[in-house]
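The values are calculated or read from the model by the stated rules, or taken from the named source; none is laboratory data. Small disclaimer: the values here were computed from a predicted structure and weren't measured. Cβ: placed from backbone, ideal geometry, glycine included. Neighbour counts: every protein chain shown.
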Amino acid sequence: MDAPAPGLVVVDKPAGLTSHDVVARLRRILRTRKVGHAGTLDPMATGVLVCGVDRGTKLLGHLALDTKAYTATIRLGAATSTDDAEGEVLATADASGVDDAAIATGIAALTGSIEQVPSTVSAIKVDGKRAYALARAGEEVVLAARPVTVSEFTLLQRRGTDLDVTVTCSSGTYVRALARDLGAALGVGGHLTALRRTRVGPFTLERARTLEELEADPRAVVPLDDAVALAFPRRDLDAALAADISHGRPLPATGAGGTYGVFAPDGRALALVADRDDRARPLVVLAPAAT
């Protein structure tokens, strides 16, 4: 097989694999070491995992700042050490008497701009080490609350003490922590039993491919130019400005907020830029000038 084109691969991650496991599989499938991923998924979770190939890996840190959507199942009546079904049960309570109105109130309190304490088995670093590594080594992990935005937290159906929900949230939000906090607010404990990521930014399950599908057809890479156009606002440049950005020089600012992609007259994605100090300054140059 020829070397893969640079860009993004949207994987439908199966349960039981870590995000790193998926990257290792993609490296074998695509026959390149230049593969990375954005937005870690836990082994029990499934769904959209965006991976970069070759120069596409330069997009990943910026994609991780985008919104994400999930479907999930929360089980009331038990708190666990990991806030999901893989952890040790710490406490149980009879949740059969929790009424629908209390659940609705609890969900509403966890919607919008909130302060969330991440799960102790998260990938957040504490003194240079991952929180999950410290927790699994038996060390006490204390994480500070941080602001997150939960733009949607909707109950789809209740099945006894299991709640099927949808969540749309900012990057850095832990759906496991929502399950934990909802259970705590209801006084019965709660944890996550299923999690499926349905969207990362503009990349949905409709674009995702299973590892088996990629094994059969490894060409399902979203080309770099298309990936930038999909994931970021677009600015088209004339030839002179295109030459400037290819050399890493700033451009005149547009007043646009956030990160956007700039494109050459021929449609090539040249860079990701952001306005700062009255100039549009390159964050990542994707097509540097030949030297």
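Take the residues of segment 15-42 that are more than 20 Å from residue 227 (Cα to Cα) and touching a Ser or Thr at 6+ places or on another chain (Cβ under 6 Å): which is surrounded by the fewest Cβ atoms within 10 Å (Cβ to Cβ)? My answer is 15. Just one of the listed residues (231, 216) is at pLDDT 90 or above, within 26 Å of residue 11 (Cβ to Cβ), surrounded by fewer than 17 Cβ atoms within 10 Å (Cβ to Cβ) and among the hydrophobic types (A, V, I, L, M, F, W, C), and it is 216. Within segment 270-291, if we keep just the residues that are of a type in the set (A, V, I, L, M, F, W, C) and outside any strand (DSSP E or B), the residue that is modelled with the lowest pLDDT turns out to be 290.
Listed by position, the strands (runs of 3 or more DSSP E) contained in segment 65-127 that have at least 3 residues being outside the structural domain of residue 145 (by TED's automatic domain parsing), on the phi > 0 side of the Ramachandran plot and modelled with pLDDT of 95 or more form an empty set.
The condition of being surrounded by 14 or more Cβ atoms within 10 Å (Cβ to Cβ) and of a type in the set (Asp, Glu) holds for only one of 277, 244, 266, 238, that being 244. In the condition set (1) without any contact (Cβ under 8 Å) to a residue 24 or more places away in the chain; (2) under 25 Å from the mean Cα position of the chain (by Cα), residue 261 is compliant with all but (1).
For segment 246-265, the set of residues classified as outside any strand (DSSP E or B), at pLDDT below 95 and either within 28 Å of residue 67 (Cβ to Cβ) or not polar (S, T, N, Q) (or both) consists of 247, 248, 249, 250, 253, 254, 255, 256, 257, 258, listed by residue number. Looking at segment 45-62, is at least one residue assigned to a loop (DSSP other than H, G, I, E, B), crowded, with 20+ Cβ neighbours inside 10 Å and assigned by TED's automatic domain parsing to the domain that holds residue 220? Yes: segment 45-62 contains one or more residues that are assigned to a loop (DSSP other than H, G, I, E, B), crowded, with 20+ Cβ neighbours inside 10 Å and assigned by TED's automatic domain parsing to the domain that holds residue 220. Which residue pairs have Cβ atoms closer than 6 Å, lie 6 or more positions apart in sequence or on different chains, and pair a first residue in segment 87-106 that is buried (at least 17 other Cβ atoms within 10 Å of the Cβ) with a second residue that is among the small types (Gly, Ala, Ser) and at pLDDT below 95? What qualifies is 87/81. When residue 187 is tested against the conditions (1) surrounded by fewer than 16 Cβ atoms within 10 Å (Cβ to Cβ); (2) more than 30 Å from residue 161 (Cα to Cα); (3) of a type in the set (Gly, Ala, Ser), the lone failure is (2). Note on segment 1-44: among residues that are part of a helix (DSSP H, G or I) and basic (Lys, Arg), the one that is nearest to residue 85 (Cα to Cα) is 25. Residues in segment 178-204 that are modelled with pLDDT of 95 or more and outside any strand (DSSP E or B): 178, 179, 180, 181, 182, 183, 184, 185, 186, 187, 188, 189.
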